[in-house]
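See structure below.
The values are calculated or read from the model by the stated rules, or taken from the named source; none is laboratory data. Not measured: the values here are computed from a predicted model. Neighbour counts are summed over all protein chains in view; Cβ atoms, including those assigned to glycine, are modelled from backbone coordinates with ideal geometry.
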């Protein structure tokens, strides 16, 4: 279960007015390279969610609708094996982004892992449709954003391969 501090315009009874400004977003490693004007646009579509240990942020196979950045806490990415056991893929720590499946254009956008809160978690959330609209309005921002996502997507399998090698030594 998530405790949302969503933008008050969404009408969620649990929401609080909690505006995210562009200076808040500078703490996220991937966003450091964006101009202040770009971060200001991004802040207008940013919401904040909180999760407790053991809560799932998303599940493998679900429709990928959101991109997330970790503000506080630790999130574990896991996958199911063919033997019905879940194995550790990667830990997401503060300032990291996850849930890229929401932005990677495929026939059907689905999350490829489970994302589980290991500690109390506070994160930024962006709806993919809002990001796509923003990127269509600001091509430079969209290009810079997706360029960094591509670099991250490229390096995560390399990290995973090293982890698997460590397991089977």
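Annotations
- Applying the condition of being free of Cβ contacts under 8 Å to residues at least 60 places away in the same chain and assigned to a loop (DSSP other than H, G, I, E, B) to the stretch 16-25 and asking which residue is surrounded by the fewest Cβ atoms within 10 Å (Cβ to Cβ) yields 17.
- Enumeration of residues in the stretch 93-128 that are in a strand (DSSP E or B) and farther than 12 Å from residue 67 by Cβ: 110, 114, 116, 117, 121, 122
- Filtering 131, 34, 70 for residues that are within 21 Å of residue 142 (Cα to Cα) and in a loop (DSSP other than H, G, I, E, B) leaves a single hit, 34.
- Residues of the stretch 73-83 classified as assigned to a loop (DSSP other than H, G, I, E, B) and over 26 Å from residue 107 (Cα atoms), total: 3
- So residue 50, is it modelled with pLDDT of 95 or more and not in a loop (DSSP other than H, G, I, E, B): yes
- Hits in the stretch 123-145 (condition: crowded, with 16+ Cβ neighbours inside 10 Å and touching a residue at least 24 places away in the same chain (Cβ under 8 Å)): 123, 124, 125, 126, 128, 130, 131, 134, 138, 141, 144, 145
- Criterion violated by residue 85 - all others in (1) surrounded by fewer than 13 Cβ atoms within 10 Å (Cβ to Cβ); (2) under 23 Å from residue 152 (Cα atoms) satisfied: (2)
- Answer residue from the stretch 26-40, given it is in contact with a helix residue (DSSP H, G or I) (Cβ under 8 Å, 6 or more places away or on another chain) and surrounded by 16 or more Cβ atoms within 10 Å (Cβ to Cβ) and is modelled with the lowest pLDDT among those: 30
- Given (1) in a loop (DSSP other than H, G, I, E, B); (2) surrounded by 13 or more Cβ atoms within 10 Å (Cβ to Cβ); (3) in contact (Cβ under 8 Å) with a residue 60 or more places away in the chain; (4) out of contact with any helix residue (DSSP H, G or I) (no Cβ under 7 Å at 6 or more places or on another chain), number of the condition residue 57 does not satisfy: (1)
- Counted residues, the stretch 95-117 - those being farther than 21 Å from residue 147 by Cβ, surrounded by fewer than 17 Cβ atoms within 10 Å (Cβ to Cβ) and touching a residue at least 60 places away in the same chain (Cβ under 8 Å): 0
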